[in-house]
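The values are calculated or read from the model by the stated rules, or taken from the named source; none is laboratory data. A quick note: this is a predicted structure, and the numbers were derived from the prediction, not measured. Ideal geometry is used to build each Cβ from the backbone, glycine not excepted, and the neighbour counts take in all protein chains shown.
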Amino acid sequence: MATVTEKTRVEAAQAGRVDRVVQALTGRTRGGVRGLIQHGCVTVNDTPCISDFQPVQEGDQVTVTYEPERKYAEKPLPAAHAPFKILFEDEKLLVVEKAAHLLTVPTPKRESNTLVHLLQEYVSRGLKKRRRVEVVHRLDRGVSGVLVFAKDGATAEMLREQFAATKPEREYTAIVAGRMEADEGTFDKNLMTAVKTIHRFATTRPDQGERAVTHYQVVRRLRNTTLVRVRLETGRRNQIRVHFADAGHPVIGDPRYAPERAKHPRWHPRRMALHAACLAFTHPHSGEALRFASPLPREFEDFLATQG
């Protein structure tokens, strides 16, 4: 098949996303345009275009080199049964919903089937060179919910600065052992790491460990458990799990912190009853306020239905 090359100089009215410029130039569908980009057919100012979200400005030159009769099929998105779901994507960010069984990043055992590996495969689809995604924060294995990743180091650093300044809103839903008496409260205890086990524990000594602040509100008291809404002021490793276990109300299903008390005869899933339900932050480039919510997992609903 003959290859053709089409070029255009972006006008002021066309400034924005590259896929719209390519669509006007080629007459292809949005999916067809994504296919062209994924197969390396599009350049912006002689640099390969890597995303249909890539921004273009007035004066940029967009070039498309392709075979007009070829379809250039778009690479498939993650399957419906995939262990993650894309909630938002642009040229700088990925916001995803993680399944509980999936590790966010490899442990020292160097697992290869982690969320970060799967996302790297996702953003690299159709490209010869593997692309990276940058980790901003994590969820423990056994915990489901919303996470944000960056597509470059500078964006990741800006997001990490927001997290360090406790600006993002992070809300979790948890089912904890026992009936909590107070309708709401705050855990403000530093966290330390045990040298031999790397497990975390709470301490009241202000000169030791890292300060960790967890706010909670009781949503519903059950027979011998409590459904709570949790808001993080700080984001230390295992913070929610340690604070509630220290208070005598470990997260149901937690295999590490107060595991015997965390067992429940009606909690059968091989995961913890902890879910990252909401994440809100400011887009580091556009300044737009973004907010993402994840519904209560089915296993939570099933358990709650048995508790009256």
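Observations
- Val96 touching a strand residue (DSSP E or B) at 6+ places or on another chain (Cβ under 7 Å) and within 30 Å of Arg270 (Cβ to Cβ): yes
- The condition of being of a type outside the set (Ser, Thr, Tyr), in the same structural domain as Arg138 (by TED's automatic domain parsing) and at pLDDT below 90 holds for only one of Pro108, Pro55, Pro78, that being Pro108.
- Residues (of a type in the set (Lys, Arg), within 14 Å of the chain's Cα centre (by Cα) and in a loop (DSSP other than H, G, I, E, B)) located in the stretch 128-184: Arg138, Arg141, Lys151
- Near pairs, Cβ below 7 angstrom, 6+ apart or cross-chain, from the stretch 209-224 (farther than 20 Å from Arg266 by Cβ) to any residue that is of a type in the set (Lys, Arg) and part of a loop (DSSP other than H, G, I, E, B): Glu210/Arg236; Ala212/Lys189; Ala212/Arg236
- Restricting the stretch 22-54 to residues that are farther than 19 Å from Glu89 by Cβ and either among the aliphatic types (A, V, I, L, M) or touching a Pro at 6+ places or on another chain (Cβ under 9 Å) (or both), the residue that is surrounded by the fewest Cβ atoms within 10 Å (Cβ to Cβ): Ala24
- Top-ranked residue of the stretch 189-217 - restricted to ones that are of a type in the set (D, E, K, R) and in a loop (DSSP other than H, G, I, E, B), ranked as modelled with the lowest pLDDT: Lys196
- Looking across Arg229, Arg270, one residue alone is surrounded by fewer than 21 Cβ atoms within 10 Å (Cβ to Cβ) and at pLDDT 95 or above. It is Arg229.
- Residue match in the stretch 93-100 (condition: assigned to a loop (DSSP other than H, G, I, E, B) and not small (Gly, Ala, Ser)): no
- Failed item, numbered, when Trp267 is tested on (1) out of contact with any Lys or Arg (no Cβ under 8 Å at 6 or more places or on another chain); (2) outside any helix (DSSP H, G or I); (3) within 26 Å of Gly209 (Cβ to Cβ): (3)
- Looking only at residues in the stretch 218-242 that are in a loop (DSSP other than H, G, I, E, B) and among the basic types (Lys, Arg), the one that is farthest from the chain's Cα centre (by Cα) is Arg223.
- Only residues that are of a type in the set (Ser, Thr, Tyr) and free of Cβ contacts under 8 Å to residues at least 60 places away in the same chain were counted in the stretch 165-187, giving 1.
- A single entry from Ala280, Ala245 fulfils the requirement of being assigned to a strand (DSSP E or B), in contact (Cβ under 8 Å) with a residue 12 or more places away in the chain and not hydroxyl-bearing (Ser, Thr, Tyr): Ala280.
- Residue satisfying all of: in the stretch 1-21; of a type outside the set (D, E, K, R), out of contact with any Leu (no Cβ under 6 Å at 6 or more places or on another chain) and surrounded by 12 or more Cβ atoms within 10 Å (Cβ to Cβ); nearest to Cys49 (Cα to Cα) among these: Val18
- Filter pass, Arg261 being touching a strand residue (DSSP E or B) at 6+ places or on another chain (Cβ under 6 Å), surrounded by fewer than 18 Cβ atoms within 10 Å (Cβ to Cβ) and not in a loop (DSSP other than H, G, I, E, B): yes
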